[in-house]
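The structure appears below as structure tokens.
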Amino acid sequence: MGLKVTKYMKQAFSQMRLSEASTHLALFSARVKEEYHQAHYIPNRSAKTSIAAWISVSAVTAADTILTSCPSPYEQRCLLELLSSADFGDGGAAATRFRRLYQKIQLAEPALQKGLESMVYGASLDDDALLLALESQGKWEQARSWAQQLEPTGRNAKAMHHVTETQVCVMPSLHQG
């Protein structure tokens, strides 16, 4: 299974043609589901659970490996967009993580901005640094969007509130005449 996963992933993303990559990723997801369902025919319950977990972990590890080998932020973004809709047999946890990374690279990578000034210093920023960079540049809607991504992770339960407070603090007083 491990080699098959890597084979599907490499085929899907080696040339970065999105339509072909999407087709290969659909085959990849179907193969993961097939392997996952075959594991359920094993009579031993603990072995069944172990194999199903291994399949999911292997698939996510293969996706992460391919992602780190992408030579440019653009290719990473394309891959993340596709991975965010893939089924890794883990109840959607990996796809959710890939969606979050996709949004992060969209916000963090100036090369992907359409007509906007450089927003921050690259996708390697940590989550809180990205939020602060967005706030410091007055990108309030992007900051709120990113804060929504942080809150469910528990990393920053009051991120949205913080963005609003920061925006209010920098607004000119309405009472000055």
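Computed from the coordinates by the stated procedures, all read-outs in this text should not be read as laboratory data. In this text, all values refer to a predicted model and were calculated from it rather than measured experimentally. Every residue, glycine as well, gets a Cβ built from its backbone with ideal geometry; the counts of neighbours run over all protein chains shown.
Odds and ends about this structure:
- Distance in nm between pseudo-label sites at residue 148 and residue 33 (7 Å out along the Cβ direction from Cα): 2.8 nm
- Estimated FRET transfer efficiency (residue 18, residue 93; beta-carbon r; R0 25 Å; 0.05): 0.55
- Among 83, 101, 132, 18, the ranking by other beta carbons within 10 Å of each residue's beta carbon, starting with the fewest, stands as 18, 132, 101, 83.
- Excluding same-chain neighbours fewer than eight residues apart, the aspartates and glutamates reachable from residue 158 by a Cα-Cα span under 20 Å are 126, 127, 128, 135, 141.
- Computed FRET value (nearest 0.05) for residue 70 with residue 171, which takes r as the C-beta separation and R₀ as 30 Å: 0.15
- Using the Cβ of residue 84 as centre and a radius below 13 Å, the other residues enclosed give a net charge of +3, where K and R count +1 and D and E count -1.
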